[in-house]
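First the structure, in the form of structure tokens, and then the observations on it.
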Amino acid sequence: MIFLAYYFAFLSVLTFFIYGIDKYAAKRGSQRISERTLHILSFLGGWFGAMFGQSVFRHKTKKRRFQVVFWLTLVANILISMLFIWIL
């Protein structure tokens, strides 16, 4: 179980920084990180870092389609995590 906590913590920190990098790139007009990548990170367990990154960097908060997919990845991740914990 402790492994799962470390896994989610690591992925959340990573995802938070990825959101920051993408926001910085958006401001500079540089190469961006794809929305697909952001969603995959969220789905794999980085959703808490994604939520925090969206709030801190004010990034992707007004894109309705992005938000819908983000919340679906969050719910899916929580359900899968609950199933995983229940099986253990």
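The values are calculated or read from the model by the stated rules, or taken from the named source; none is laboratory data. Because the structure is predicted, anything quoted here is derived from the model rather than measured. In this analysis, Cβ positions are derived from the backbone assuming ideal geometry, glycine residues included, and neighbour counts consider all displayed protein chains. Accessible surface areas use protein heavy atoms only, side chains included; no ligands, DNA or RNA. Shrake-Rupley method; radii C 1.70, N 1.55, O 1.52, S 1.80 Å.
Residues that are open to solvent by less than 80 Å² (accessible area, probe 1.4 Å) and touching a His at 6+ places or on another chain (Cβ under 7 Å) occur at least once in segment 12-22.
What's the total number of residues in segment 1-42 that are at pLDDT 95 or above, under 11 Å from the mean Cα position of the chain (by Cα) and not polar (S, T, N, Q)? Total meeting the criteria: 13. Among the residues here, ILE2 qualifies as among the β-branched types (Val, Ile, Thr) and closer than 23 Å to ILE85 by Cα. Taking segment 77-88 as the range and being assigned to a helix (DSSP H, G or I) and either at pLDDT 95 or above or open to solvent by 80 Å² or more (accessible area, probe 1.4 Å) (or both) as the test, the residues that pass are LEU79, ILE80, MET82, LEU83, PHE84, TRP86, ILE87. Evaluated against (1) open to solvent by 30 Å² or more (accessible area, probe 1.4 Å); (2) modelled with pLDDT of 95 or more, GLY46 falls short on exactly one condition, (1).
Among the criteria (1) within 15 Å of PHE8 (Cα to Cα); (2) open to solvent by less than 80 Å² (accessible area, probe 1.4 Å); (3) without any contact (Cβ under 8 Å) to a residue 12 or more places away in the chain, the one SER30 does not fulfil is (1).
Within segment 60-73, identify whether any single residue is open to solvent by less than 60 Å² (accessible area, probe 1.4 Å), within 16 Å of LEU14 (Cα to Cα) and over 8 Å from the mean Cα position of the chain (by Cα), and answer yes or no. No, because not a single residue in segment 60-73 is open to solvent by less than 60 Å² (accessible area, probe 1.4 Å), within 16 Å of LEU14 (Cα to Cα) and over 8 Å from the mean Cα position of the chain (by Cα). As a summary of the residue check, GLN31 satisfies the conditions (1) part of a helix (DSSP H, G or I); (2) more than 27 Å from TYR6 (Cα to Cα) except for the one numbered (1). Of the residues that sit in segment 49-72 and are modelled with pLDDT of 95 or more and polar (S, T, N, Q), which one is nearest to TYR19 (Cα to Cα)? Filtering first and then ranking leaves GLN54.
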